[in-house]
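So the structure is just underneath, and the comments pick up after that.
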Amino acid sequence: MSLSDAPAIDSAQAATAGATTVSASGTADGDHAVAVEVRGLVKRYDGRAVVDGLDLVARQGAVTAVLGPNGAGKTTTIECCEGLRSPDGGTVRVLGLDPVADARALRPRVGVMLQDGGLPTGVRALELLRHVAAMYASPRPVDELAERLGLHGFARTTVRRLSGGQRQRVALAAAVVGRPDVVFLDEPSAGMDPQSRRAVWDLVRELRADGVAIVLTTHLMDEAADLADHVHVVDHGKVIASGSVRELTDASTGPGTLRVEATPGLDLTPLLTTLNTTGDWAGGEGEAGVYTLTGAVDPAALAVVTAWLAERGVLARSVSTGRRTLEDVFLDLTGRNLR
């Protein structure tokens, strides 16, 4: 593909129905201006609503994660925000503008990184980035950005010969080189090694500090938990939960975890019998001497466990409580079946 195809980079990138939402408002915390606003979005394919009345908001100077299982409607939603698809109902506004009708005005202000790259494959990596930078009035310094993302090591390699992680780094550089006000990142660290992933995360944090609105889709829950200021969980074409990572994990009613390291071979039956008088508990010994108990973790339950150990003269090497993770909440909301 020739360099004449490169401008496509600037315009580039369906569990449990009726689940209870954590926040019906869909708004983010703080005083940051709204950068992306989606209200009542509907998008149909062959008469079937893939997105069905979806609402979400993303703000300047914040990372907004849009999470959902395969087929939930998140990619179609983001494509409507990017102007790649026209809604069948509802409204989408990016920086106050319609992504389809106002595409020309928005293009210089929006960066897009697709999971599949969307890059011309016959162009050398650094040559491509320089070409994209030349489209903007005040781009980031190309060599500085290339150094930041480690592109110099494969600068003269054509895109088609790059590894998946290397392509992702080039795609990210192309998405941010124009100093956009809003960036859409689809699986930004997919296929990357740990060093590259950390570099990407650091760049995302820097963009946020500079006031950029970042809309992130990812299947990596640790990525969302580490980066996101606000999370929207999407399933069956609707937002089924919204909030900060802390709000979502604190609001979850799923079981917590107690992890006890002690003498191997203890019979947990009496302990579980006691715990189950006030809740629903399960547990067992995994590796020798490591016991995992799941249930409603609270001070009373912890006291029962430590008293049970003391009655048997067992000194635990450690007793720790496991906080509900974003992945736990995600699975509770969207189910555990494969899509």
Along each principal axis, Cα extent of the stretch 103-225, largest first, Å | 34, 34, 24
Mind jotting down the three principal axis lengths of the chain based on Cα atoms? Whole angstrom, largest first.
-> 76, 46, 39
HN-Hα J in Hz across the stretch 322-336 - Karplus 6.51, -1.76, 1.60, θ = phi - 60°, x for Gly and Pro | x, 6, 4, 9, 4, 5, 4, 5, 4, 5, 4, 7, 10, x, 10
Taking H as built 1.01 Å from N, whose amide H comes closer than 5 Å to the amide H of Leu84, not counting residues under 5 places away?
-> none
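Using a probe radius of 1.4 Å on heavy atoms only, what accessible surface per residue do you get for the chain? Whole Å² is fine. Could you put the intermediate results ahead of the total?
On the way: 15470 Å² over 339 residues.
Roughly 46 Å² per residue, with all protein chains present.
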In terms of modelled amide H atoms, which long-range or inter-chain residues lie less than 5 Å from the amide H of Gly322?
-> Thr257, Leu258, Arg259
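Can you divide the C-alpha Rg of the stretch 204-320 by 2.2 N^0.38 Å and report the result to two decimal places?
Working: Rg = 19.7 Å, N = 117, 2.2 N^0.38 = 13.4 Å.
Ratio of Rg to 2.2 N^0.38 Å for the stretch 204-320: 1.46.
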Grab the DSSP H runs of the chain that are 4 residues or longer, score each as -39,500 (n - 2.57), total them, divide by all residues and round the 222 nm result to the nearest 500 deg cm²/dmol.
-> -8500 deg cm²/dmol
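Per 0.36 nm of contour for each residue apart, how much would the distance between Ala303 and Glu147 grow if the chain were fully extended, relative to their Cα-Cα spacing? Don't jump to the answer; show the numbers that get you there.
Values: separation 156, 0.36 × 156 = 56.16 nm, distance 5.35 nm.
Gain on stretching Ala303 to Glu147: 50.8 nm.
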Calculate one ³J(HN,Hα) per residue across the stretch 127-141 by plugging θ = phi - 60° into the Karplus curve 6.51 cos²θ - 1.76 cosθ + 1.60, and present them in order as whole Hz with x for glycine and proline.
-> 4, 4, 5, 5, 5, 5, 4, 5, 7, 10, 5, 9, x, 5, x
Amide H to amide H, which residues 5 or more places from Val297 or on other chains are under 5 Å from it, using H placed in the peptide plane?
-> Gly256
Take the solvent-accessible surface of the protein heavy atoms, probe 1.4 Å, and return the percent of it on the chain that carbon and sulfur atoms account for.
-> 49 percent
Rounded to whole Hz, the Karplus (6.51, -1.76, 1.60) HN-Hα couplings of the stretch 95-110, x for glycine and proline = 6, x, 10, 7, x, 8, 5, 10, 4, 4, 6, 7, 3, x, 9, 10
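The values are calculated or read from the model by the stated rules, or taken from the named source; none is laboratory data. Note that the coordinates shown come from a computational prediction; the quantities given were computed from them, not determined experimentally. The area values use the complete protein model at the heavy-atom level, side chains included, leaving out ligands, DNA and RNA. Shrake-Rupley method; radii C 1.70, N 1.55, O 1.52, S 1.80 Å.
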